[in-house]
Amino acid sequence: MNRRTRKIKQYLGRMAILLVGLFAAAGVPARAQQFNSDNYWTTPKGMSTVIVTVGQRHTLFLDTFSLLKSWEFSLGATAFREDTDSDRAAYYQLTTYAKYTIFENQAKNGGAAVKFGTGARPGYYQVSALTKDLRDYWAECPLTLPLHGDDVLLDLIPGGVVNYNFGTQKETAAGFTYSSRLAIYKIIPRSAIVGEVFGTEGEAYSPTQYKTGVRWESPAFIVSLSYGDGLKGNNGAGWELGFISYWGGPSNAFIGK
């Protein structure tokens with residue numbers, strides 16, 4: 001695929017996602033799913049979620065369990081597809097992490113949490129080299145700020161990562177991770193329009209990427225469509241279709257709000 005053809009596909013992709021947003025069937029604060037960003041919220045104790053994302057770059061399967069109050073524990077795997085343009089072979093990566101909500105406001109539409117785990121996340125994939133399972137460790141602090149009531153939510157997620165198998169020289173590298181997501185509700189019925197940017201600065205560098213998409217949300221499951229690309233000449237995730245299923249009864253205070 002030449003550069004001109006790739007640019008045309010990227011342009012058509014961006015236009016298509018906007019058209020989907022205009023005609024798709026607000027919702028609630030968007031959960032992570034294929035979006036790199038996250039919010040402060042954790043599912044109620046005794047509840048679990050199954051998350052599946054299928055896209056041009058990778059396929060993700062993730063299980064999340066709420067075994068304790070305000071805690072979530074997740075275990076998943078990502079299968080990356082072969083990419084001849086960037087000379088990347090097909091491979092898979094495991095990940096596991098925990099999340100704890102440390103604060104929630106009285107309106108229950110904003111707060112703070114901490115997340116920490118091991119295993120590379122697709123959003124911070126390094127094009128230049130493959131990584132081995134569970135050789136990187138990361139932590140971050142999702143902050144959710146409500147704007148204009150429940151109509152707009154802003155997520156800010158500062159964090160850090162240490163990778164013990166980074167780059168072609170397999171060296172130890174550290175970096176500051178950043179991610180910010182804006183979710184707009186009550187424009188499209190039962191849906192949220194989401195846009196985000198994210199990347200890593202430092203030795204474990206990952207160039208800035210963006211994603212934009214639409215999420216249709218119901219009390220039982222969520223379906224979303226997104227398109228991602230790089231902002232500095234790098235490739236992004238491309239098209240992704242995501243699905244979340246709730247088990248053990250979703251929270252009526254959160255889903256379908």
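The values are calculated or read from the model by the stated rules, or taken from the named source; none is laboratory data. Predicted, not measured: the structure shown is a model, and the values here were computed from it. Reconstructed Cβ throughout: ideal geometry from the backbone, glycine too, with neighbour counts over all protein chains shown. In case anyone asks, the SASA skips ligands and DNA or RNA and just uses the protein heavy atoms, side chains included. Shrake-Rupley method; radii C 1.70, N 1.55, O 1.52, S 1.80 Å.
How about region 40-59: which of its residues are part of a strand (DSSP E or B) and surrounded by fewer than 19 Cβ atoms within 10 Å (Cβ to Cβ)? First the steps, then the outcome.
As a first pass, look at region 40-59 and keep what is part of a strand (DSSP E or B): 48-55, 58-59.
Of everything in region 40-59, those that are part of a strand (DSSP E or B) and surrounded by fewer than 19 Cβ atoms within 10 Å (Cβ to Cβ) turn out to be Ser48, Val50, Val52, Val54, Thr59.
Can you name every residue in region 220-243 that is within 15 Å of Gly55 (Cα to Cα) and among the β-branched types (Val, Ile, Thr)?
Val223, the sole residue that qualifies.
Can you pull out every residue in region 60-69 that is modelled with pLDDT of 90 or more and surrounded by fewer than 17 Cβ atoms within 10 Å (Cβ to Cβ)?
Phe61, Asp63, Leu68, Lys69
From (1) polar (S, T, N, Q); (2) open to solvent by 50 Å² or more (accessible area, probe 1.4 Å); (3) modelled with pLDDT of 80 or more, pick out the condition that doesn't hold for Ser128.
Condition not satisfied by Ser128: (3).
Against the condition open to solvent by 40 Å² or more (accessible area, probe 1.4 Å), within 18 Å of the chain's Cα centre (by Cα) and of a type in the set (A, V, I, L, M), how does Leu147 come out, does it pass? Don't jump to the end; show me each part of the working.
Numbers: open to solvent by 40 Å² or more (accessible area, probe 1.4 Å): yes; within 18 Å of the chain's Cα centre (by Cα): no; of a type in the set (A, V, I, L, M): yes.
Against the criterion (open to solvent by 40 Å² or more (accessible area, probe 1.4 Å), within 18 Å of the chain's Cα centre (by Cα) and of a type in the set (A, V, I, L, M)), Leu147 does not qualify.
Select from region 211-229 the residues that are buried (at least 17 other Cβ atoms within 10 Å of the Cβ) and out of contact with any Phe, Trp or Tyr (no Cβ under 8 Å at 6 or more places or on another chain) and list them in ascending order.
Val214, Arg215, Trp216, Glu217 - these are the residues of region 211-229 that are buried (at least 17 other Cβ atoms within 10 Å of the Cβ) and out of contact with any Phe, Trp or Tyr (no Cβ under 8 Å at 6 or more places or on another chain).
Among Ala112, Ala79, which is in contact with a strand residue (DSSP E or B) (Cβ under 6 Å, 6 or more places away or on another chain) and either of a type in the set (Asp, Glu) or at pLDDT below 90 (or both)?
Testing whether each residue is in contact with a strand residue (DSSP E or B) (Cβ under 6 Å, 6 or more places away or on another chain) and either of a type in the set (Asp, Glu) or at pLDDT below 90 (or both) leaves just Ala79.
Conditions first: (1) of a type in the set (A, V, I, L, M); (2) over 22 Å from Ala112 (Cβ atoms); (3) in contact with a Phe, Trp or Tyr (Cβ under 9 Å, 6 or more places away or on another chain); (4) at pLDDT 85 or above. Ala24 passes all but one, so which condition is the exception?
Failed condition: (4).
Any chance you could count how many residues in region 163-192 are farther than 18 Å from Asn109 by Cβ, open to solvent by less than 60 Å² (accessible area, probe 1.4 Å) and modelled with pLDDT of 90 or more? Spell out the reasoning first.
Step one: filter region 163-192 for residues farther than 18 Å from Asn109 by Cβ, giving 163-179, 188-189.
Imposing the further condition that a residue be open to solvent by less than 60 Å² (accessible area, probe 1.4 Å) reduces the set to 163, 165-167, 173-175, 177-179, 188.
Remaining after also requiring modelled with pLDDT of 90 or more: 174-175, 177-179.
Of the residues in that region, 5 qualify.
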